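**Student:** Please find one structure pasted underneath; my questions will follow.
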Amino acid sequence: MIAPNPATNAITIAAKEKEKAKQIGDISEIKIYDNIGNLKKQSKYALGTNQVEINVTDLKPGIYYIEI
């Protein structure tokens with residue numbers, strides 16, 4: 001889950017529960033790309049992280065792609 005959309009200050013990314021294991025997935029790395037594929041932000045997280053908040057005030061208004 002990624003919210004809010006659209007965002008102005010920060011986004012929250014939360015891992016979804018895994019179907020078979022009934023446990024929440026881990027977020028180990030997040031990359032944010034602009035609409036032409038340039039990497040704009042990259043963050044790595046510790047094992048067991050299942051929710052993060054990312055400040056997006058430094059990104060210009062537009063469309064971004066998030067790789068988790």
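**Student:** If I filter the range 37-54 for residues that are surrounded by 11 or more Cβ atoms within 10 Å (Cβ to Cβ) and of a type in the set (Lys, Arg), do I get at least one hit?
**Tutor:** yes
**Student:** Just name the residue that is nearest to residue 63 (Cα to Cα) out of those in the range 8-27 that are surrounded by 14 or more Cβ atoms within 10 Å (Cβ to Cβ) and at pLDDT 90 or above.
**Tutor:** Per the criteria, the residue is 11.
The values are calculated or read from the model by the stated rules, or taken from the named source; none is laboratory data. Here the structure is a predicted model, which is why all the values come from computation and not from measurement. Here the Cβ is made from the backbone with ideal geometry for all residues, glycine too, and neighbour counts use every protein chain on show.
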